[in-house]
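Asker: Let me give you the structure first, and then I'll get to my questions.
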Amino acid sequence: MSNLNVEALVRPELAGFEPYDPAFTPCDVNLSANENTHELPQRVRQALGDALLGTPLNRYPDPLANELRDELAAWHGVQRNNVLVGNGGDEVLFNLLFAFGGTGRALVVTPPCFEEYKNFAKMCNTDVVEVWRDPVDFSIDADALVAAAAQAHIVMVTSPNNPTGGLIDPAIVERLLFQTDALVLVDEAYVEFAGEGASLIPWIADHPRLMVLRTLSKAFALAGLRCGYLVADPAVVNVLAAIRQIYSEDVLAQAAAVVAVRAREEFAPVVADIVAEREVLAQELAALPGTKLWPSSANFLLLRMPRAAEVRARLRDEHSVLVRDFSYAKGLSDCLRITVGTHEENQRLLRALAQVMGR
Ligand code: PMP
């Protein structure tokens, strides 16, 4: 360890941050990170291999990933200039705060929600205003949210919400758009698991302050690729295009993402299977003694149970099944978040849980 006083050198707003720790331990069954654990559809696998092999690495990428933007725009019924691609949704979220946050400005969030909103805001010297969800059903107090947003520059809501699983009531988004001047981000990282019609992308055309975040990390089973995107008004996209890391989306990621989005119909059976498995798993988990489960429109379930942290450790250590512990988090005491896996993985989790709880 050197004796450099780095705390005195780092920007004050960045002091105290720790490297991200996904609390990962190698396990046979990993249901901890809301990934898609299904195999890629065979034809997609083949096409991805061909695309990656055929992509030269000696040239810089297209900075804005225009071929991919066109593919995404065609899918969502918007124009290329409505779409901004990033190195995962995370990069887009950071850049949103880099661009629209800053000293004297505030971000409004509705915890319990994705922690990175707050972290990125703090890194960008942006105040964070928290409008906590109802502790029992995790619903949002619309009046409180609108009042907070009316004083803020940007609001981030999540639909379905991570880790609580529910969709946002579109009427709340409507109020945010009509009753405040804030930019409104709806994070739809998990929306493909919520069924037809859940996305608010069709609203973009009429609401220039509305932005929708999507990712290929979940339904498309490409979390390792790092590809997320924003659908928004061209003016917002232009600002973000101007301040982003110029080559953050590499050539391999662009080539693979184009293939996956073009083949999006191939993923429909995978998504349908996860949704069906979610309902089976939810029933089984809810039937366990002493548990509480919230309805989920995503590819994960939030479960409250006695001694959750201990149960999670025993699932990991005795059964090689990994789920995410949220019992330390405010508003989520004794909660575990369980990604919906394949049928076999879910059954293995249930057997392991029965054994852990039986003793
Ligand atoms: N939003 C939410 C709500 C998430 O849960 C995640 C991933 N955990 C992201 C955005 C970012 O996903 P990615 O960077 O993999 O696109």
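The values are calculated or read from the model by the stated rules, or taken from the named source; none is laboratory data. Everything numeric in this text was worked out from a predicted model, so none of it was measured. Counting neighbours? That spans all protein chains shown, and the Cβs are built from the backbone with ideal geometry, glycine included. Only protein heavy atoms, including side chains, enter the accessible area calculation; ligands, DNA and RNA are left aside. Shrake-Rupley method; radii C 1.70, N 1.55, O 1.52, S 1.80 Å.
Asker: Got a sec? Which of A309, A242, A272 is out of contact with any Leu (no Cβ under 6 Å at 6 or more places or on another chain), within 19 Å of G86 (Cβ to Cβ) and not charged (D, E, K, R)?
Answerer: Result: A242 is the single residue among A309, A242, A272 that is out of contact with any Leu (no Cβ under 6 Å at 6 or more places or on another chain), within 19 Å of G86 (Cβ to Cβ) and not charged (D, E, K, R).
Asker: Quickly run through the range 257-290 and pick out the residues that are open to solvent by less than 30 Å² (accessible area, probe 1.4 Å) and assigned to a loop (DSSP other than H, G, I, E, B).
Answerer: Correct list: A263 only.
Asker: Would you confirm whether any residue within the range 300-307 is in contact with a Pro (Cβ under 7 Å, 6 or more places away or on another chain), open to solvent by 10 Å² or more (accessible area, probe 1.4 Å) and not in a helix (DSSP H, G or I)?
Answerer: no
Asker: Looking at the range 224-256, which of the residues that are open to solvent by 30 Å² or more (accessible area, probe 1.4 Å) and within 23 Å of P160 (Cα to Cα) is nearest to the ligand (Cβ to nearest atom)?
Answerer: R226
Asker: Would the range 205-212 turn up any residue that is buried (at least 21 other Cβ atoms within 10 Å of the Cβ), within 16 Å of the ligand (Cβ to nearest atom), part of a strand (DSSP E or B) and of a type outside the set (G, A, S)?
Answerer: yes
Asker: Moving to a separate point now. Hey, among A194, A189, which residue is modelled with pLDDT of 95 or more, within 15 Å of the chain's Cα centre (by Cα) and more than 11 Å from the ligand (Cβ to nearest atom)?
Answerer: It is A194.
Asker: Can you name the residue in the range 76-112 that is touching a Cys at 6+ places or on another chain (Cβ under 7 Å) and under 29 Å from F326 (Cα atoms) and, of all such residues, is surrounded by the most Cβ atoms within 10 Å (Cβ to Cβ)?
Answerer: Among those residues, the one meeting the criterion is L97.
Asker: Can I ask one more? Hey, can you tell me all the residues within the range 127-163 that are within 16 Å of L332 (Cβ to Cβ), within 16 Å of the ligand (Cβ to nearest atom) and hydroxyl-bearing (S, T, Y)?
Answerer: Of everything in the range 127-163, just one residue is within 16 Å of L332 (Cβ to Cβ), within 16 Å of the ligand (Cβ to nearest atom) and hydroxyl-bearing (S, T, Y), namely T158.
Asker: Sticking with this structure for a sec: Between A51, A23, A73, A47, which is away from the ligand (no atom under 14 Å from the Cβ), among the small types (G, A, S) and open to solvent by 30 Å² or more (accessible area, probe 1.4 Å)?
Answerer: Answer to the check: A47.
One line per residue, one yes/no per condition, for (1) at pLDDT below 95; (2) in a helix (DSSP H, G or I):
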position: E7; (1), (2): yes, yes
position: S32; (1), (2): no, no
position: D50; (1), (2): no, yes
position: V85; (1), (2): no, no
position: L93; (1), (2): no, yes
